[in-house]
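Visitor: Got a structure here, written out as structure tokens. Questions coming.
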């Protein structure tokens, strides 16, 4: 057998094996083929493609798949696209969209540099997550904001910044889409999503300190001391006191503004309300002269 014959036989054999392998792969692909609904691509195109995770899914693609596969999407929401986006998705899928309540992030810590004096200085990595794993913070309050900006770094919508004067994050309400990225990023859990409220008005306790009153007040001048005064004036059972800390249920709160008035430490914040009218003290009637 010549060398040319050997080469020819080898080429034919390899070509035959390749053909057999191709047929096997083709049959396997047909047998195990996974059908993907073309509507998933259509829904994904409607979504804002921010992949923020605010919908509860790891990205817009995963959310699109869930929307297509779910029979009822009324409880599902895209916080970035809002009602307009969900209505478009519902119309395309022939399903009914729900009416999501507008939410916004709030910072539940008012321990500024003025109210919460530093007792030490942190010189480690510029990360709240790292700092929180090492110690309680630079002040006497181990519950408050660490001020290193993990929440700002996590925000994809330029809805937050760190205030150098106070050392606290500030929410830019018009930019906030309530995706919850800042909530997840904060190791101290001081950021909460709350209802925006009518005309953007809301009331909340800007403190998460669970120490007893005297200890909380010593570490921060504006800490909630669990005195229950706010709870006593609330006529709607919207305020609960647990672990020395007051909390206002935004579903029950009627925004009557009685609780901020009685808070002795100004721990309760009222946002976007008109200024209060100054109280007019009643003049005591003049006493008749004694003859």
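Visitor: Which whole-number percent is the relative contact order of the chain (Cα, under 8 Å, 6+ apart)? Don't skip to the end; give the middle numbers.
Guide: Details: 449 pairs, mean separation 40.5, N = 291.
Once divided by the residue count of the chain, the mean separation gives 14 percent.
Visitor: A follow-up question, please. Can you match Cα extents along the principal axes in Å to one of these, [x] 61, 37, 30; [y] 147, 52, 30; [z] 64, 55, 33, based on a calculation from the structure here?
Guide: [y]
Visitor: In deg cm²/dmol and to the nearest 500, what is the mean residue ellipticity at 222 nm of the chain if only DSSP H runs of at least 4 residues count, each as -39500 (n - 2.57), divided by the residue total? If you can, show how the numbers build up before the last one.
Guide: Details: 10 runs with 93 residues, N = 291.
Theoretical 222 nm ellipticity from helices: -9000 deg cm²/dmol.
Visitor: If you average the C-alpha positions of the range 193-234 and of the range 62-104 separately, how far apart do those two centres end up, in angstrom?
Guide: 34 Å
Visitor: If you stretched the chain out fully between residue 75 and residue 255, how much longer would it get, using 0.36 nm times the residue separation minus the C-alpha to C-alpha distance?
Guide: On the way: separation 180, 0.36 × 180 = 64.80 nm, distance 2.61 nm.
Taking 0.36 nm per residue and subtracting the Cα distance, the gain is 62.2 nm.
Visitor: Mind running the shape call on the range 39-93? Use the C-alpha gyration tensor, a ≥ b ≥ c as the square roots of the eigenvalues: rounded below 1.5 for a/c, prolate if a/b tops b/c, oblate otherwise.
Guide: The shape class here is rounded.
Visitor: Moving on to the next point. Would you compute the Debye intensity of the range 1-147 from its alpha-carbon atoms alone, equal scatterers and no solvent, and pass along log10 I(q)/I(0) at q = 0.09, 0.17 Å⁻¹ to two decimals?
Guide: -0.63, -0.94
Visitor: Under the classification rounded if a/c is under 1.5, otherwise prolate if a/b is larger than b/c and oblate if not, where does the range 10-64 fall, given a ≥ b ≥ c as square roots of the Cα gyration tensor eigenvalues? Present the calculation step by step, with values, prior to reporting the outcome.
Guide: On the way: a/c = 4.51, a/b = 3.50, b/c = 1.29.
Prolate, since a/c reaches 1.5 and a/b exceeds b/c.
Visitor: Further question: If each residue's Cβ is checked for other Cβ atoms within 10 Å, how do 143, 161, 122, 250 rank with the fewest at the top?
Guide: Details: 143 23, 161 13, 122 16, 250 20.
Exposure proxy ranking, most exposed first: 161, 122, 250, 143.
Visitor: Please state the relative contact order of the range 103-271 as a whole percent: Cα pairs under 8 Å, 6+ residues apart? Present the calculation step by step, with values, prior to reporting the outcome.
Guide: Working: 342 pairs, mean separation 40.5, N = 169.
Reported relative contact order: 24 percent.
Visitor: Could you identify which residue out of 152, 183, 23 has the top mean-square fluctuation in a GNM of the chain using Cα springs shorter than 10 Å?
Guide: Comparing 152, 183, 23 in the GNM, the peak value goes to 23.
Visitor: For the range 103-271, taking Cα atoms only, what is the radius of gyration to one decimal and the Dmax to the nearest whole Å?
Guide: Looking at the range 103-271, its Cα Rg and Dmax stand at 15.6, 47 Å.
Readers should treat all values here as calculations from the given coordinates under stated rules, not as data from a laboratory. Since the model is a prediction, treat every value here as computed from it, not as a measurement. Note: ideal-geometry Cβ built from the backbone for every residue, glycine included; neighbour counts use all protein chains shown.
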